[in-house]
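First up is the structure itself, then whatever we jot down about it.
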Amino acid sequence: MALDLARVTLAVLVVVLALRVADAVVIARVVRATKKIAHWARREIILALGGAARAERFVPVLGHTVALFKAVGRYPCTWDLFATWGTTAAPRPARVQIFQRHCVVVADPELVKRVMQTNLKNYKKDTEFSYEPFLEILGTGLVTSEGETWRAQRQRISSALRIEILDDIIAIATRAVNRLSDKLEKVRGKGEAVELAEEFRLLTLQVIAEAILSLTPEQSDEVMPNLYLPIMDECNRRSLEPWRKFLPTREWREHRKRVAALNKYIVDLIRVRWKKRVSGETNPNPDILDRVLASVEMEEYGSDVEEQMCFEIKTFLLAGHETSAAMLVWTIYELVKNEDKMTEAVAEANKVLGAVKPGNLPTRDELAHLDYCVSALKETLRLYSVVPVVTRRAVEDDVLGGCKIPKGTTVIISLQGIHHREDLWPNAMSFEPERFLNGKGDEIGNYAYLPFIQGPRNCLGQYLALLEARVVLATLIRRFKFKSASANNGKKHTKAIPIAPADGMWFTVE
Ligand code: HEM
């Protein structure tokens, strides 16, 4: 009897305790939800009264979500809508609501300067909003990290990207464009069309993979199309179909396997290099990985460093190839369309590269004379804005263009909007490389030219990208005459970033 009583008492105690715990969990959830609602309401009120006008096409409850969804896969596409909303409201921000997220769109140099430089500490990358589908690649790499992790890695990698590696890029890009030229030679004069967007995608991957990891083109062509590119395709699909991440389909399993295989491939490469470093073996031709590892202390090396380096390498592969490929393909497209500008670019390429002794590589100083070609590349980055928007999140209240921006607001910076503003760029929609001749047009600090953004978080690969691209462009246009082979060549992709051609870019070569 006494035993039964003890059992019953224990059972009652367990039930009471369980109810208490459940209560505590429920209360914690309710508190969290209430806080969220309070923050949401605060943002709503401050934004409504704070001076920023609401962008057109708002509907109650869903805000601008419907307009944005309708724009997917059409013209004007999502990026065009942001540009219109931002420029219509400029110099003030435009208020936009995506699902329940409060956003403002800005397309004004002064406001961008505040977000990216003068009040930088108040704005963090909005990783959850912009980069979530790509986190398996980017992880805590440079593009997505913040605070001390970012600062330490940025310093480490910037010093690895110094002048010497840029000299190597000339050789690497020359080898890559010579391989592409051999391919083009086979179809010269035969009327057979080549898809140049894909060719540039492979070329820029080979260049970045050789620069970072010394991969040969064969290694690159094996690993990248089998592992890296399908991973990227799946990540891109997940940005528009987020449920793909949770559905355990065959594609989902294959994606997981590929991510694991790519990580293993990269970590194995890092380990081999580290072993060489520990044994005192030095690479006479150090690549970016060697240079970064050289700054790692012996006692610092471990699985954390390996994981971080793996993210940095994947970040570089991602950040460094599609953007450069898009810049190249749109530049060739525009030059083919504008015969007089092509003539000017070819004449310059002949003059500069023709003066290089046969068998020698051009130096960086010699390549600096490709002013027209570089201006054409810069103008492409303005006109096509291959990265059309970047986003940030306000971590404290701020004022932008006289409008109150509450903490927690997503700031969508429409680079395309700024690049297409007639008051900043007269004849904005026409391709005019002359805007950038003699170092004009991209003055740092005026925040009107932002393909690589400006401020402390600007693109770390911009010099590498422009150097690689000028070698490729000048070599190709002096050797081949390109002719457009598809009426769809000028159509821009409406979904993915960077902005690439919608149906490829087809040319015949003579
Ligand atoms: C035409 C080519 C390129 C364009 C238009 C471009 C554009 C950009 C833009 C707009 C950002 C800022 C992203 C943001 O703030 O959310 C960025 C950041 C970055 N880019 Fe590029 N990029 C190009 C090429 C490259 C290349 C070749 C590399 C590497 C070799 C590279 C590495 C990076 C890195 C590491 C960051 C992050 C910097 C940081 O947050 O500290 N990019 N790029």
**Message:** Just to confirm the number: angle between the C-alpha axis of helix 2-49 and the first principal axis of the chain, 0 to 90 degrees, nearest 10?
**Reply:** 50
**Item:** Cα gyration tensor of segment 259-308 - equivalent ellipsoid semi-axes, whole Å, descending
**Value:** 18, 13, 9
**Prompt:** For segment 435-477 and segment 103-129, what is the separation of their Cα centres, given in Å?
**Reply:** 21
**Request:** Give, in whole angstrom and from largest to smallest, the semi-axes √(5λ) of the equivalent ellipsoid of segment 424-474, with λ running over the eigenvalues of the Cα gyration tensor.
**Result:** 19, 18, 9
**Asked** Over segment 77-177, what is the relative contact order in whole percent, taking alpha-carbon pairs under 8 Å and six or more residues apart?
**Response** 13
**Complete:** Listed by chain and number, the aspartates and glutamates with an alpha carbon less than 13 angstrom from that of Lys483, same-chain partners under 8 positions apart left out, are Glu192, Glu195, Glu334, Glu339, Glu510
**Message:** Just to check, using Stokes-Einstein with a Kirkwood Rh over alpha carbon pairs, what's the diffusion coefficient of segment 422-510 at 37 °C and 0.692 mPa s in µm²/s?
**Reply:** 204
**Item:** Relative contact order (percent, whole number), segment 1-157, Cα cutoff 8 Å, 6+ residue spacing
**Value:** 14
**Request:** Decide, for segment 73-115, between rounded, prolate and oblate: order the square roots of the alpha carbon gyration tensor eigenvalues as a ≥ b ≥ c, take rounded if a/c falls under 1.5, and otherwise choose prolate if a/b is larger than b/c, else oblate.
**Result:** oblate
**Prompt:** In debye, nearest 20: dipole of the chain around its Cα centre with unit charges on the Cβ of K, R (+) and D, E (-)?
**Reply:** 1580
**Prompt:** Per the Kirkwood treatment, what hydrodynamic radius in Å, one decimal, follows for segment 114-173 from the mean inverse distance over all distinct Cα pairs?
**Reply:** 13.7
**Using alpha-carbon coordinates, inclination of helix 250-278 to the longest axis of the chain, degrees** = 70
**Prompt:** Cross-link list Lys70/Lys190; Lys314/Lys404; Lys314/Lys492; Lys351/Lys440: which exceed 31 angstrom alpha carbon to alpha carbon?
**Reply:** Lys70/Lys190; Lys314/Lys404
**Request:** Take the alpha carbon atoms of segment 1-158, find their radius of gyration, then divide it by 2.2 N^0.38 Å using N residues; give the quotient.
**Result:** 1.61
**Item:** Sorted by Cβ density within 10 Å, fewest first, the residues Arg271, Arg277
**Value:** Arg271, Arg277
**Asked** Taking a temperature of 4 °C and a viscosity of 1.567 mPa s, what whole-number D in µm²/s does Stokes-Einstein yield for segment 173-300 with Rh from Kirkwood over alpha carbon pairs?
**Response** 74
**Request:** Using just the alpha carbons, could you tell me how many Å³ per residue the convex hull of segment 246-358 encloses?
**Result:** 189
**Message:** For segment 102-244, I need the span (max minus min coordinate) of the C-alpha atoms along each principal axis, in Å, sorted largest to smallest.
**Reply:** 56, 42, 31
**Item:** Percent breakdown of C-alpha pair distances by 10 Å bin, ordered from the shortest bin, for segment 44-119
**Value:** 20, 49, 27, 4
**Fill in**
Fraction of alpha-carbon pairs in the chain farther than 46 Å apart, rounded to whole percent, equals 18
**Item:** Length-normalised contact order of the chain in % [C-alpha pairs under 8 Å, at least 6 apart]
**Value:** 25
**Message:** Principal axis extents for segment 336-479, Cα atoms only, whole Å, descending order, please.
**Reply:** 61, 30, 21
**Request:** Could you work out how far the C-alpha centroid of segment 295-344 sits from that of segment 77-100, in angstrom?
**Result:** 28
**Message:** Run lengths n ≥ 4 of DSSP H only: what is the helix-derived mean residue ellipticity at 222 nm for the chain, with -39500 (n - 2.57) per run over all residues, to the nearest 500?
**Reply:** -18000 deg cm²/dmol
**Complete:** Pseudo-spin-label distance Leu166 to Val25, built 7 Å along Cα→Cβ, given in nm, is 5.8
**Fill in**
If one compares the long axis through the Cα atoms of helix 229-240 with the longest principal axis of the Cα atoms of the chain, the angle in degrees, nearest 10, works out at 50
**Complete:** At R0 = 22 Å the Cβ-Cβ FRET efficiency linking Thr216 and Glu300, nearest 0.05, sits at 0.15
**Request:** With a ≥ b ≥ c taken as the square roots of the eigenvalues of the C-alpha gyration tensor of segment 304-375, please select rounded if a/c is under 1.5 and otherwise prolate if a/b is larger than b/c or oblate if it is not?
**Result:** oblate
**Fill in**
The answer for the per residue Cα convex hull volume of segment 190-243, in Å³, is 117
**Message:** Need one number: % antiparallel among DSSP beta bridges in the chain, to the nearest 5.
**Reply:** 75
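Coordinate-derived values only; no laboratory data. This one's a predicted model, so the numbers in the text were calculated from it and none came from an experiment. Every residue, glycine among them, receives a Cβ derived from its backbone with ideal geometry; neighbour counts consider all protein chains shown.
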